[in-house]
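K.L.:
Okay, here's the structure, questions in a sec.
The values are calculated or read from the model by the stated rules, or taken from the named source; none is laboratory data. For clarity, every value in this text was computed on a predicted model and none was experimentally measured. Glycine also receives a Cβ, built like all others from the backbone with ideal geometry; neighbour counts cover every protein chain displayed.
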Amino acid sequence: MNTRCSVPVIEAEALVLALSLLDIEEVEGSRKGKLREDACLTDEEIAFNIQAENLKISLAELQDRRFALSLDEALQTDTAALRALSLINQGERDDHLAALALERGDNSPTPTHSQEALEWTRIPPVCGSTMFGNNDITDIVEPDPDEMDDLGESSHLPYNVGKLSARGETLSRVECIICGDPIRRSQRFDAPCSHFYCRDCLVNLAEASTRDETLYPLRCCRQPLPVANVLPLLPLDLRSQFQDKSAEFATPPTSRVYCPNQTCSTFLGSSSGGRFEITCTTCTTRVCSACKNRAHSTEDCAENAQSLMIQSLASQMGWQTCPGCHAIVELWQGCYHMTCRCSTQFCYLCAALWKNCDCRQWDDQRLLDDAERRVYNQFGAREAAAHPAIFVDRVYQRMAELEEDHECLVHEWEYRSGGGRCEECHDDLWRYLMRCIHCQALTCRRCSVNRL
C-alpha cells in the first residue's frame, strides 16, 4: 500500500477489506450446525480463518493510518486546539498519578506544569487564534471564582492546592472528604474540623442518620455539624424526617415512648414527668407513658412485653446491657472494657461501671483473636503468608501489649490500598479502607470521620 495515499483511498481500501471479511463470515455462518462440535477443521476452514485474521489486521492498519493522516491534517489546520487537548490529556494523566499516590498513603504530590496550567488558563473556543506558543501558556487570565470552580470540576484534581491570583490573594480548591470530588464554592459545606462536604454526600449522611442512630448527632472528626446550617441543604421531605428522628434520638433511650401497636411503632415522645396517657397521632392508640403498654386507666402497670422479649434474647445470647442508657451491646472482639455510644464505660461481664468490680479484664482467646486481627490489618495477608513465623511472633507481642494498653482514645487514620469489609458498618469496599495506626481498625471513609 502507498504510505502517502489520501484519506479517500484508504477508505476505499478499507471498504474492500470489510466486504471481503463479510463474505467470509457469511460462508462460516452457513456452515454452523452442519458438523459435530468436536469435528476437526478442514483445510478450507483453516484457510478462511487465516484470511479473516489477515483482513482484520489490515483493517486495523488502515484505521491507524487514517487516524495518523487525520492528525497530520489537524496539525496543519488546528494546531492551537490540539495543543490545548494535549495539555488537558497530560493534566488528566498527572491527576491520575496523584490520585494513586494519595491512595497509597503518600504525601500530596507537587502540582505539575499541566495541572497548574489547567488551573489558571481559560480555554476559549478555538477559532483559528493561537493560544499556546513554544509550549508555554500565553493566554493566561485570572478566572472568577465560578469559572475556577467549573474548571476544577473538569480536571478532577485529587488534592487541595493553594494558588495566588494576580492580586496576590490566596485561592484554593477543595475536595469532598467522603467522595473526593472537587466541590464548587457555592455547593460545599464547611465542617468545623476544616473538612468539606459536597451536597450529595451531606444529604446522604443525613439520610443515613435517620436509619442508623450511631451516626447521630451528625459529626465529623468527633465535632458536631451545625444542624442550622445543614437543614437548608436537605430536600424538604428529608428535612422533616431528619428533624423527627433528631427529636427521637435526642431523647434518652429509657425515656422513649413508642406506639405499642406493632404495625405502627411511631415515636410518641418522652416518658419523663410521671405517668400519663399519650395518644398516637398515627393510629390513635392510647399509650401509658410509664410502662409503655396500651393505656390501662386505673390498673397497675405491667412490664412491657417487648422489653421482656429483648431482655430474654439478650440473656440467651450472652449480651450485656449498658448501665447508662440500657442499650443492648455485644462484645465480638477485645477485652471486657466496654465504652457505649452514650460514653458510659462498664464491665461486659457484670455491667458494673468500669474499675468498680473484681472481674477479669479479658479472655485470653478473645485477646489473642484481637491481636491477630490487628497484626493482620497492619501487615496484610501477603506478609502473613510469606513469613508465618514472624507473623506469629508479632501476634504474641501485640497480645502482650494489649494486656497493658488496650484502649484507643483518639484514632489516627491513613489510607490502606485494597478493598475489604469495614469493621464498623460491615460494608464491602473494593478500592481502599482507612486504617487506624494505633488500634489497626479498618473502616470505610464515612465511619472514620462520621461514626468513630
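K.L.:
Pick from the stretch 269-289 the residues that are surrounded by 15 or more Cβ atoms within 10 Å (Cβ to Cβ) and of a type in the set (A, V, I, L, M, F, W, C): which of them is nearest to the chain's Cα centre (by Cα)?
P.N.:
Cys280
K.L.:
Of the numbered conditions (1) under 18 Å from the mean Cα position of the chain (by Cα); (2) part of a loop (DSSP other than H, G, I, E, B); (3) surrounded by fewer than 19 Cβ atoms within 10 Å (Cβ to Cβ); (4) modelled with pLDDT of 90 or more, Ile177 fails exactly one; give the number of that condition.
P.N.:
Only one criterion is unmet by Ile177, namely (3).
K.L.:
Could you list, in sequence order, all residues of the stretch 276-333 that are farther than 30 Å from Leu368 by Cβ and of a type in the set (Val, Ile, Thr)?
P.N.:
Those that are farther than 30 Å from Leu368 by Cβ and of a type in the set (Val, Ile, Thr): Ile278, Thr279, Thr281, Thr282, Thr284, Thr285, Val287, Thr298, Ile310.
K.L.:
Is it true that Val287 is in contact with a Lys or Arg (Cβ under 9 Å, 6 or more places away or on another chain), over 19 Å from Asp244 (Cα atoms) and either among the acidic types (Asp, Glu) or not assigned by TED's automatic domain parsing to the domain that holds Asp244 (or both)?
P.N.:
yes
K.L.:
Evaluate the following for Val375: is it β-branched (Val, Ile, Thr), free of Cβ contacts under 8 Å to residues at least 60 places away in the same chain, within 28 Å of Arg451 (Cβ to Cβ) and surrounded by 17 or more Cβ atoms within 10 Å (Cβ to Cβ)?
P.N.:
Criteria not met by Val375.
K.L.:
For residues that are assigned to a helix (DSSP H, G or I) and surrounded by 14 or more Cβ atoms within 10 Å (Cβ to Cβ), tally how many sit in the stretch 215-239.
P.N.:
Narrowing the stretch 215-239 to residues assigned to a helix (DSSP H, G or I): 215, 227-233, 236-239.
Going one step further and asking which of them are surrounded by 14 or more Cβ atoms within 10 Å (Cβ to Cβ), we end up with 215, 230-231, 233, 238-239.
Number satisfying all stated conditions: 6.
K.L.:
Among the residues in the stretch 195-204, are any among the hydrophobic types (A, V, I, L, M, F, W, C), surrounded by fewer than 18 Cβ atoms within 10 Å (Cβ to Cβ) and at pLDDT 90 or above? Break it down into steps so the answer makes sense when it comes.
P.N.:
We begin by selecting, within the stretch 195-204, every residue among the hydrophobic types (A, V, I, L, M, F, W, C); these are 196, 198, 201-203.
After this cut, where a residue has to be surrounded by fewer than 18 Cβ atoms within 10 Å (Cβ to Cβ) as well, the list is none.
Taking every residue of the stretch 195-204 in turn, none turns out to be among the hydrophobic types (A, V, I, L, M, F, W, C), surrounded by fewer than 18 Cβ atoms within 10 Å (Cβ to Cβ) and at pLDDT 90 or above.
K.L.:
Out of curiosity, is Arg294 outside the structural domain of Cys325 (by TED's automatic domain parsing), closer than 25 Å to Glu175 by Cβ and among the charged types (D, E, K, R)? Steps first, answer last, please.
P.N.:
Values: outside the structural domain of Cys325 (by TED's automatic domain parsing): yes; closer than 25 Å to Glu175 by Cβ: no; among the charged types (D, E, K, R): yes.
Criteria not met by Arg294.
K.L.:
Here's another thing I want to ask about it. Which number in (1) outside any strand (DSSP E or B); (2) farther than 30 Å from Asn229 by Cα marks the one condition that Phe242 misses?
P.N.:
(2)
K.L.:
Let me ask another. Mind listing whichever residues of the stretch 265-296 are more than 16 Å from Thr254 (Cα to Cα), touching a residue at least 12 places away in the same chain (Cβ under 8 Å) and not in a loop (DSSP other than H, G, I, E, B)?
P.N.:
Selection gives Glu277, Ile278, Arg294.
K.L.:
Something else: Out of curiosity, is Thr266 farther than 23 Å from Cys340 by Cα, surrounded by 12 or more Cβ atoms within 10 Å (Cβ to Cβ) and not assigned by TED's automatic domain parsing to the domain that holds Glu424?
P.N.:
yes
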